[in-house]
Structure formats: structure tokens, C-alpha cells
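Reading through the C-alpha cells given below for one structure.
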Amino acid sequence: MIPVAFDYHRPRTLEEAVDILRQYGDEAKVLAGGHSLIPALKLRLAAPKVVVDISRLPGLSEVRRSGSGLSIGAGVTHHQLMVDPLIAKLCPLIARTAPEIGDVQVRNLGTLVGSICHADPAADWPAPLLALEAQVVIVGPEGERTLHINEFIEGMLTTRLAGHEIVREVVIPRAYPASCAYKKIRQSASGFAIAGVAVQLEKKNRKCSSIAIGVTGVAQRAFRARLIEKSLQGAELDEKTIAQAARQVTEEVNDFLSDLHASAAYRAALAQVLVQRAVLAALAA
Amino acid sequence: MIEFKGSHIISRSRQELWPILQDPAVLKRCIPGCEELVLNGEHLYDVRLKVGFGMIKGSFQGTVQLTNMVEPERYVLNIKAEGRTGFAHGTTRIQLLPHPSPAATEIRFESHLQVGGMIASVGARLCQGAARMLAEQFFRELEKCLRN
Amino acid sequence: MAKTAGKKSVTRTGKASAKAPRRARQSAAKAAPPASQRVDFFKLVPKPRFVGKPVKRKEDVRLITGAGHYVDDLRLADMLHVEILRSPHAHARIVSMEVEEARKASGVVGVFAYKEISSLCGDVPLAHPGIPDLKVPHHPVLADGEVNFVGEPAAAVVAESRYAARDAVDLIRVEYEPLPAVVDPEKALAPDAPKVHKELADNLSFSWEVKGGDLDEAFKKADRIIQQRVRSQRLIPCALETRGVIAQYLTGEEQLTVWTSTQIPHILRTQLSGMLKLPESKVRVVAPEVGGGFGSKLNVYAEEGLLSALARLVAPRPVKWIETRRENMAATTHGRDQIGELSIAACADGTVLGVKHDCIADIGAYHQLFTAIIPTLTGLMLAGSYRFPAARTTLKGVFTNKMPTDAYRGAGRPEATFIIERIMDLVAAEFNLDPVEVRRKNFARKFPFSTPTGLAYDTGDYEKALNQALKLADYQGRRARQAKARDEGRLVGIGLSTYVEICSMGPSKGMAAGGWESATVRVSPTGSVEVLTGTCAHGQGQETVFAQITADVLGIEMDQVKVQRGDTGNVPWGVGTFGSRATAVGGTAVFEAARRVLEKMKKVAAAALGASAAQAARVQIKNGKFWAGKKSLSFAEVAFQAHRGLVIPEGETPGLEATYFFEPGNFTFPFGAHICQVEVDRDTGEVSIQGYWAVDDCGKPMNPLLIDGQVHGGIAQGLGQALYEEAVYDESGQLLTGTLMDYAVPKATHMPWLHCERTETPTDVNPLGVKGVGEAGTIGSTPAIVNAVIDALRPLGIKHLDMPLRPEKVWRAIKKAAAAP
Ligand SMILES: Cc1cc2nc3c(=O)[nH]c(=O)nc-3n(C[C@H](O)[C@H](O)[C@H](O)COP(=O)(O)OP(=O)(O)OC[C@H]3O[C@@H](n4cnc5c(N)ncnc54)[C@H](O)[C@@H]3O)c2cc1C
């Protein structure tokens, strides 16, 4: 790897990290798992003067209870989320999404927080995080602020994060039941999602009392399939109802992505199929 | 080849908008990442850009030229930019159409961009989206300019 | 690679049509040495201790523990580093190049472009295929005023560190004037198409034809003529180790040494000597560990010439260049890229009477070593394992503004096999026959078998392999279950391919660069054994196989044998490793050299033991000892005596070493049957492989473990072509699949479980009876998988789809079929 030369910092505390970022601002880049940043450095598509490695900051590599929900620290890897008992108990959708990401090496190093900070439109995490109403906790020189995941991710590769800010954790505000699923179609080279759908639902007497559907990979940014949710809310979820509702996915987005891996029409079709499958799988779970 | 089109409604008449769209100061403000824009011939500008999406940033140098100008209806924006991470060449056809609401114009654009080098071979899947975002940014800035 | 035309080639006969087969057969028969003169391995060693056994690979301990040394692991004193500025354009004129800033940058030793290099290093060479009127453009190691593909080297920076070199590349300012690029090979043939090379009349580099049999008759007699267009898409070989070169020129000694990741050190040495105008005696080429090649290192690259020239400019400091993955994808040879228009004359009972194949090969912007030869192999192998009497291939090699194509695992035969195995299924579909029966109907059954394209297949029993595969896969039961699944609306498909391929390249008369192989077996005074081979393994495990052969012949342990390869400084001469030739040709050379050493050792032992003439004639090795009568000497004692020089037998000289150059009489023709079951997801177009069964016949198995390894890897790559891989250039010639995030090589998770078995049909071409297995998996698997997918889609009326069968393509086909009335 032959990136442009940079200075490497490994601060010992979050405060120290924020302080370094304050000094260098946009010239600095935070390094977590490095599985998005390092490829970009190697290709010289990113050339920060300073790299601030937060992967070993104390306390950040933990999943903790937070109120009735839980908090996922910035150092928590995809792999941890696959195996963490708290996640499995309080937020099974996260545990079901994690194994769908990349391969073993990627999961061993890459982080959930790194993924949402990178905001790749094909990343998996935004789908379940939208469905779970996740909150992103940001720290900066001016203190702390919290953004809903939907506000946090702006568009392709862009977030509301300022150059001198760090995401400390992602908070899932409450516990969710096991009726959830994540379904994706992988791009065969990278493993990223050509389309991915996360569904979290709650049932009462065979009826769907609440449903949240996050869709990723098919548009500039992940989104909640609100129209579909509305049709399914309170409905009895049989295959026909679900299939009918899923058709509305084309109305949820203006422009489906189109690239060398999949056309817009194909993505739209996949989104529809995956919504059906994910809802059915969530029902069965 | 990136091809995309779109349209945008701006609350100014075509006659008002026409000179604004040629104004170097406005162009400099609205072209995303534009660090320098210098007139260097008839409707020809030398530009220096710094374009970024998240961690991915690139510096480009090149020219923007306006041709086929039919006031106040349409013109063609010819863009040529080159940097270490690659290049982009292309044209954007811009049409100013009267809009039903008073003192408003619909700007329609249709871009054909040829992207080459590193950005094409490692970022092909993102180029379309990037171009779209740049166009959106342009119009957002234009609206801001007009508000002030 | 097989030479395809010209005076003494195999295919002249093919080209000359009707007489061809007989002549080819005669030459094959003549070339095989009479059995009486030949000592076969299994006669000499009736009960081998190592050959034929699943011996673990000798090379694995060091490779798995990271203790092997690849080019990038070599660090020479005072070494300089090279980074290359490459064209971002598919086609452009270089208007100007400003290098001053780069030259002045810290750590930079020099910046070099065409004008600084051209006097030191000539054009990138090609092995002349003997095709008349072949157009060969100027192909400098650094662009001469014009660039012709994305990734073409335009300038080189030499610096104290790789980082400094890379930084300086960014400081070079090139003004390019973009020129129109040609990307589509069919459009490139249009009269008004832009020209890739302005000095040439057009983009047609060559035309070639091979034909045999009476085509008119075949097409007249046919019940039906089936037309189909098939494509073998462009692939990127993606060896795990990218290329890399270190070159050093010692001014005093006048010695150039080039360490490079290559499959052909000796050929490279000869070619470099020509490029650099240095006598070969002053050029040494070393291939350290080579981490895969698949044909992509069977070449002479611009960078190898460039680094050699730079080494002279900065002598005596060594220069090093290590290819990045991105460079590897853009500027290491690509594979396949053929479009074929097929006409098939078939009878209603499934008999194929003849095939016409008009092929366009997109060769990219230049000729690399075997660029023109590879697609001719497709034409030669068009008969597959079948006996249809008439065949013709016309071939057009077309320049486009892309990376040149060249050998890639299978090299010409996967294309041929894909075509012919699709043909069998097309015929089966046309007449509603079982594809198995269509194959049986058409199999060649008498050997040696002469093809209408002029080849003589050595030995074979295609039906046996097929039957075994059918049994292994439970074909009958599977078809029954498929019918049931179809009734349920599921898209389940079963596909097969019964391939034959051409290996152990090859007889010199059929090869552009000599087809023999050399080996030296050398025993030291203490009895340690060195085998020097002219082959150059890059993952195949030849070190193990050659040690097995040598140990068995000499009656010693495998770990007493050290196999050396890859260094022209110690291996007398060689051709290299490609075309599944190393064991069949190189292994035979090892066997013959070892046998000669053995003969001499027996004589030395007899002399040292004072044996009678009768005893001397019957010296035996038992338990690692040479026995003459009741007396014995150990292996080491005999070796010592041979070197000590006191008891040299009559007619012999001191020392213990033999070199043998083996010239095979013919190619060998391994074959097999692969079966695959898939299910297609109707809603998403995704293909999942539900089972894979392969029966391969590579003649006598030397090491079943290594054969399995080769077959598994081969199937993985064939599966990659069938389902995932494609080098995509956009219409302006930009390579869009420039990294492994966009170019989909199959990963472990894409692989199904493979059930592999073998049949054994020895060849008579060499005394080992071995045929070759390096490419078989790639050749057999692609059509089996594609046939399975098409079979799955057959209820929808789908007859053919081009590779790769990515989900969207399959989904579109399903949708289109559903929309059709
Ligand atoms: C081969 C491969 C396959 C992959 N497959 C998938 C896949 O299938 N699905 C998927 O979703 N992803 C996939 N990824 C991406 C992977 O999940 C990455 O790990 C993830 O996108 C980024 O996380 P990271 O911890 O590696 O972040 P890094 O690469 O370290 O950082 C990414 C970006 O986020 C910023 N950043 C990181 N942490 C913080 C923080 N706490 N505060 C502020 N900024 C921060 C960095 O500055 C950088 O800009 C794949 C990656 C690879 C290499």
C-alpha cells in the first residue's frame, strides 16, 4: 500500500481524540476498522494529513444496556454484534444482520459505527438501524449531540458529521422482539448489498401492531418504506397482503440506483421481492 | 459514460435568470467545490475544483465553457476537468423553460459525462450518484444566491 | 502454446483440409517411440512408494508459514524502487509530458519516458504464430507518443523508496489529446471505425482458418441447422501474487539479473536478450516463488524490459517494481474474449454432422507473447470429444483499445469446450433428447482419433468417464427429482459437459517456442540429490511430483531430493510451466534423467563392489542399497565412489549427473465428465449450485492429492467465468472493473462441495502415461454450470444465455420469457 504520507495518532482517551480532530479539522480522518478508509488511502482517493486511530479507545468496544435499549460503542465490530448475548436478547435484528456483512476478515475488523460514518449507499447497517430508530451520539469540541440515524446519513458517502466530530456510540432506544429479519442480495464481488431489507415487526392477535422496514442498496441512501409500513400496519399479514403492499416500493424512491452491477429496474424488483421475503421471515421468526 | 437529467424550478423569470447563470461570481459560488474560476476567453473559464464525498476527495483543474447560447432559452455547458485521480469530460445541455407560476423558470438539464482514470475504475458504481449530488448541490447553492 | 500454422505445424495439415487427419495421425504414430526402446516408469518401478500416492506437498510448509520468498520478499542492498505512470485514457496522443517537478522531488533518482529508454530496450516481443499477414504494431515498453489502452505504461519514476516514487508519479504532468477509442471488436471491423494503430490499415490483426471434412455435405444432409451466437467474455486472471520485477546490472561483470514472477524464465531470458541487445550469456532470469499465474505470467511484459533497461541506467543499483492489484487488473494480460457465430448441422437422432464457427477474438491493443495463438487453439479443439466429420473455424483477431488478451487457464480450450458442449445441449433441446444420449451418440470411440481440425487424440474412453459421473451424481434419480421440482414450479437444472482438452504442450513442431522440456538430476558426493527442471511451477506442486518420481527411480526418500527450478543460472535450459505440460513433459525429462543416473550408479556400484560381469548386469536396489550379488553399497557410498573417481566403470566418466531433453511425440488429450445441478431463483435470478460431480481422466495419476487440488481450483475458476466474472470496459474504453470490489472472482463461500473421481486411461505419448490436469477443471466446469442453468430455464423456453450468468441477466431472461406469448 502506497498512500500519501500521513501522521498516525493513537489517542488514549476520547477527549484526546477530539482534541486532535479539533486541531486538524478536515485534514484529519478517524480510523476505526479501516475497512473502508484504508482501501481509499491505498488508492489515494483519500489523502488525510492525519489519521486518528480510535479502534482501541477504552470503553468504546462494548455493547451496553442503555435505558430499556442498548448502546453500541464506536469500536464494536460486526463480529461482536453477531455473538453478543445482549444484542441477541434485546435487538435480534442487529444480530441477524451482522453475519450478512462482508466476510470473516471484514467482520473481525469493521465496525457498525464506521459503516454508518462512511455512508456507503450499499452498506447493510442503515437498513436495520432505520427500522430500529437508532440514535447516533456524536461528540465534538463543543460537546455532545444526538441525531436520529435518518438525519445522520445525508446521502451517498455523506453524513451530518463535522470534520472534528466523532461518533461515540449508536443507541437503540428500546428492546425489540424476535420477529425481525434482514434479507439481502449481494453484489458478488464486494459482498455489499445490491438490495437489502430489514424488517422489525410486532404482532398482536395475528395482526401486525407495528412494522418498520428499512431498505438499503437501492437508492442514494437507505430509507424507511413508509407506504408499505402503512399498508401493513394493523393488517393481518398473509402472503397476498404482503405481496400487494411490497409493490409500493417503487413509489418510495424517485431514482433507483443503476450501476454496472444492477440496473434501476432490477434493484426495484429486488427491493420488492426482499420486502416480501423479509416480512415473511420476520413473521416466522 | 454517466448520463443523467433532471429539472429544477427557480423562482425567477428566464430573462432574470439568464445573466445570473453566466455570472462568474455566481458560478464560482454554485459549482460544488469550486476554488477558482477565471474568465479566459469568450464564455470560457479556467476552474479549479476540490470535490469530495465523505472521505473521498479529489482536486481537479480544467475548463468550463458555455456554447450554443440562445438567450434566454438554452445553452450548453462544456466541462473538462482533470486531476490525479482521473478526469471528467462532458456536456450538459441546459434549457430554461417558462414555468406556469409567475416569475419562475424550469431549468432542465441533461448531462453526458465521460469519467476516466482511477475514479472510473474504482468508483464506477458511485459516479452516477456523485454527479447527481453535484447537480443538486449546484441548484441548492443557486437558490441560496438568489435569496440573498 | 501450440503453434497453429507455418511450415511444420500440426495445423498445416488441418488447414490443408481433407488429407490432414491422416497426416496428423501418422505423425503422431511416428513420434511415439517404439515401445521396445522405451522404458516406462511403471515397468522400471512396478511398485512405486511415492508415485500415485496422495503425498502431501513438499512446498506447503514454507508457503503456508510465510517462509517462502516471492519477488517482493527479496531485498537487495542499495535497491531503488520504480513506480509507473499509466495512461488514464483508452486512446490518446501524448501532447506533452512535464517531468521536472517529479525529477526534483525528494528521493527521486530519475524520471524516464520513451525517449530515454528506447535506445536501450526494444519492443515487447511475440512468439510468431506463423499466421501469414499478421499485423503487429509497434509495442514499446513505454508509450511512444500515443497510448492505446487504460493502464499502458507512459513513464517510470526511479526513487529511493516506493513511496517517493509513487509521490513523484503524481507530479508528472501529461497533456493528452484524447482520440476516439474502439472497444467493441465487431464495431472495430467497420470500415469507418477509428483505428487503434494509425500506422496499420485497419483493426484486423489477422485472419486464420482451420477446416476439415466435407462441410457442404454435412449441411446438406442435416435434418436441421441450428444457429447460435456464443460469447466467452473477457476475464482477468487475478493471480494471488501480482507481478513484480527486480533487475540489477553489474557493470564490471556485464551481467544482468532479473528476478521476476514468471512461468517461463528461460523464454523470458531469450526474449530479454533480444529486447536489450545483450547476449543471453549476460542475462540471467530468476523466478523465485511464484504465487499463481494461470497464464498471465506466461509472457514477456513491458515492465520486464523496462526494469532491465532502468537497471542499466542506474547500474549497479538494483531496481524493483511491484505491481499493485489495480495495475494487475488493468495491465496484466486478460483472457478469453471471443464471439462465435455457430452453425450446427444436426440430425434428428442427435448426430452432429458438422459445425461452422466464425469467431471474432478481441485481442486488445497489442500482441503479447501468445495473443494470436490462443484463439487458434479454440479452432483446433472445436471437435471436442465427438466424431462429427466436418468442422470449420474462421478467426478474426481484432485490435481494440483494451489490455491485450493472452493465455488464461485453459487458453483457447475453455472457449472451444464451451462452444461444443453448448452445441450438444442445443441439439438435445432442439430434438428433445437427453443431453447424455446426444453425447453418447457423438462420442469418438477409436483411438488414436483424428479430428477434422487435424489433431490426433492419443487415448480416451469418454463413455467410461461419463458413465462414472452419471453414477456418481445419481443422474437418473436426479432427473426424476428434477421433474418433480419442475412440477412444483421450481427452476431446477442439471447440466453436463464431457470435455476433452489438449495438454502436455507439446511436440516442438506444434509449438512456437519449442515444446520439449529439460531436466538434470545431479547427485552430490554425499548422496544428496538435486533435480533441476526447466519447468517453472507456480502453485502446481511440481516440486512434490518430481521428488516422487526421482525418489522412486533412485530408491531413496523424497526428502533426499531437492527440486530446483526457475533460475536460468542453474537450470541448463527449459521451456516453462503452462498448457498442463509440466508433469507430462518436464516430469518425463526428470524420469529419463533419473533413470540415466540410476544406470550409472548401478555400474559404479558394480565396479566398486568388484562384481562379476553377470552380477554387474543384475545390480538391484533394495532398502536404499545397491546390491551386486551378496554385497551392497549404500546410495551415498555409490555417489561418493562416482565422485571419488577411482572406480570409474568402463566407458563412463567421473561425476554423477544426467541431463535429459524430452521431446514428446504428440500432445496428450485428457478428458472427463462434469455434472452440475443448480436451482434458479425465479424472482431474483440468483443461481445456486446444489451439487457438483466431476470425473476427470488425466492418464496415470502421479499424486491424487495434487490432482484434486488442480481440479478444485480449476472448477472454481470455471465457475467464476460461468456465473460471476467479467472485465467490463465502458464505451470509451475505461475499465470499470478495476478492483476486486467490482470484479467478482469466486470466494470460498461461492463454492459448492465438489465430488471428484477419476478414470485412468494412460497415454502412450510419454513413459509416465500421464496427461496433464492443470486446466481440466476450468475447461470442464464452465459449460456444465451454464448448461445446468439453461436446463433450469428450459421450461420457460430459454435456449441460451451469455456468460456470466449474473442474477440480473437471468432475471431479465425470465421476465422476457414470461412476457412472451
Ligand atoms: C471486502 C469488503 C467487503 C465488505 N462488505 C460489506 C458488506 O457486505 N456490507 C457492508 O455493509 N459493509 C461491507 N464492507 C464495509 C465494512 O463493513 C467496513 O468495515 C465499514 O464500512 C466501515 O467500518 P470501519 O470500522 O472499517 O471504518 P473505517 O474504514 O475505519 O472508517 C470509515 C469512515 O468512517 C469514519 N469513521 C469511522 N469511525 C468513526 C467514528 N467513530 N466517528 C467518526 N468517524 C468515523 C472514518 O473516518 C472513515 O471516513 C466491506 C468492506 C470490505 C473491505
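Details
- Qualifying residue in region C:750-770 (condition: without any contact (Cβ under 8 Å) to a residue 12 or more places away in the chain and more than 16 Å from the ligand (Cβ to nearest atom)): no
- Filtered residues of region A:95-108 (kept if near the ligand (Cβ under 6 Å from one of its atoms) and assigned to a helix (DSSP H, G or I)): A:VAL106
- Pick from region A:120-145, criterion more than 8 Å from the ligand (Cβ to nearest atom) and among the small types (Gly, Ala, Ser), ranking: farthest from the other protein chains (Cβ to nearest Cβ): A:GLY143
- Region A:127-138 residues that are among the acidic types (Asp, Glu), paired with ones that are in a helix (DSSP H, G or I) and buried (at least 21 other Cβ atoms within 10 Å of the Cβ) (beta carbon under 8 Å, 6 or more apart): A:GLU133/A:ILE149
- Among the numbered conditions (1) of a type outside the set (Gly, Ala, Ser); (2) assigned to a loop (DSSP other than H, G, I, E, B); (3) surrounded by fewer than 23 Cβ atoms within 10 Å (Cβ to Cβ), the only one that C:GLU186 does not meet is (2).
- Residue pairs whose Cβ atoms lie under 6 Å apart, sitting 6 or more positions apart in sequence or on different chains, and linking a residue in region A:88-112 that is without any contact (Cβ under 8 Å) to a residue 40 or more places away in the chain to a partner that is within 9 Å of the ligand (Cβ to nearest atom), are A:ALA98/A:HIS78; A:ARG107/A:HIS78; A:ARG107/A:ILE101.
- Flag if A:LYS203 is touching a Lys or Arg at 6+ places or on another chain (Cβ under 6 Å) and closer than 21 Å to A:CYS91 by Cα: no
- Every residue from region B:112-138 that is away from every other protein chain (no Cβ under 14 Å) and either in a strand (DSSP E or B) or among the small types (Gly, Ala, Ser) (or both): none
- Among the strands (runs of 3 or more DSSP E) confined to region C:647-732, the ones with at least 3 residues that are within 14 Å of chain A (Cβ to nearest Cβ) are located at C:687-697.
- Extreme residue, farthest from A:ILE138 (Cα to Cα), among residues of region A:43-52 that are more than 8 Å from chain B (Cβ to nearest Cβ) and buried (at least 16 other Cβ atoms within 10 Å of the Cβ): A:VAL50
- The condition of being more than 14 Å from every other protein chain (Cβ to nearest Cβ) and either of a type in the set (Lys, Arg) or surrounded by 22 or more Cβ atoms within 10 Å (Cβ to Cβ) (or both) holds for only one of C:VAL109, C:VAL141, that being C:VAL141.
Quick grid of which residues meet (1) among the polar types (S, T, N, Q); (2) farther than 16 Å from A:LEU270 by Cβ; (3) near the ligand (Cβ under 9 Å from one of its atoms); (4) without any contact (Cβ under 8 Å) to a residue 24 or more places away in the chain:
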site: A:ARG160; (1), (2), (3), (4): no, yes, no, yes
site: A:VAL170; (1), (2), (3), (4): no, yes, no, no
site: A:ARG174; (1), (2), (3), (4): no, yes, no, no
site: A:SER179; (1), (2), (3), (4): yes, yes, no, no
site: A:ILE185; (1), (2), (3), (4): no, no, no, no
site: A:ILE194; (1), (2), (3), (4): no, no, no, no
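- Unmet criterion (only one of (1) surrounded by fewer than 16 Cβ atoms within 10 Å (Cβ to Cβ); (2) in the same structural domain as C:GLU592 (by TED's automatic domain parsing)) for C:ARG75: (2)
- Residues (closer than 13 Å to C:PHE418 by Cβ and either buried (at least 24 other Cβ atoms within 10 Å of the Cβ) or within 13 Å of chain A (Cβ to nearest Cβ) (or both)) located in region C:791-814: C:MET803, C:PRO804, C:LEU805
- Single unsatisfied condition, C:GLU177 versus (1) under 30 Å from C:LEU740 (Cβ atoms); (2) within 14 Å of another protein chain (Cβ to nearest Cβ); (3) not aliphatic (A, V, I, L, M): (1)
- Flag if A:LEU283 is in contact (Cβ under 8 Å) with a residue 40 or more places away in the chain and either within 14 Å of chain B (Cβ to nearest Cβ) or out of contact with any Cys (no Cβ under 7 Å at 6 or more places or on another chain) (or both): yes
- Region C:763-794, residues that are acidic (Asp, Glu) and part of a helix (DSSP H, G or I): C:ASP791
- Only one of the listed residues (C:ASP358, C:ASP362) is surrounded by fewer than 24 Cβ atoms within 10 Å (Cβ to Cβ), among the acidic types (Asp, Glu) and closer than 17 Å to C:GLU209 by Cα. That residue is C:ASP358.
- Verdict on C:ILE225 being of a type in the set (Val, Ile, Thr) and more than 26 Å from C:SER161 (Cα to Cα): yes
- Exclusive hit being small (Gly, Ala, Ser) and either within 21 Å of the chain's Cα centre (by Cα) or within 14 Å of chain B (Cβ to nearest Cβ) (or both), set A:ALA243, A:ALA235, A:ALA262, A:ALA269: A:ALA262
- Identity of the residue in region C:289-328, touching a helix residue (DSSP H, G or I) at 6+ places or on another chain (Cβ under 6 Å) and outside any helix (DSSP H, G or I), that ends up nearest to C:ALA67 (Cα to Cα): C:ILE322
- In summary, helices (runs of 4 or more DSSP H) completely within region C:404-509 and bearing 3 or more residues that are closer than 30 Å to C:HIS197 by Cβ occur at C:413-431.
- Summed over region A:197-250, residues that are in a helix (DSSP H, G or I) and of a type in the set (S, T, N, Q) total 4.
- Of the residues making up region C:725-742, not a single one is buried (at least 20 other Cβ atoms within 10 Å of the Cβ), among the hydrophobic types (A, V, I, L, M, F, W, C) and in contact with a Pro (Cβ under 8 Å, 6 or more places away or on another chain).
- Single residue of region C:345-401 satisfying the filter (among the acidic types (Asp, Glu) and outside any loop (DSSP other than H, G, I, E, B)) that is farthest from C:GLY454 (Cα to Cα): C:ASP362
- Residue tally, condition buried (at least 24 other Cβ atoms within 10 Å of the Cβ) and within 16 Å of the ligand (Cβ to nearest atom), over region C:715-724: 0
The values are calculated or read from the model by the stated rules, or taken from the named source; none is laboratory data. Keep in mind that this is a model prediction, so the values were computed, not measured. Ideal geometry is used to build each Cβ from the backbone, glycine not excepted, and the neighbour counts take in all protein chains shown.
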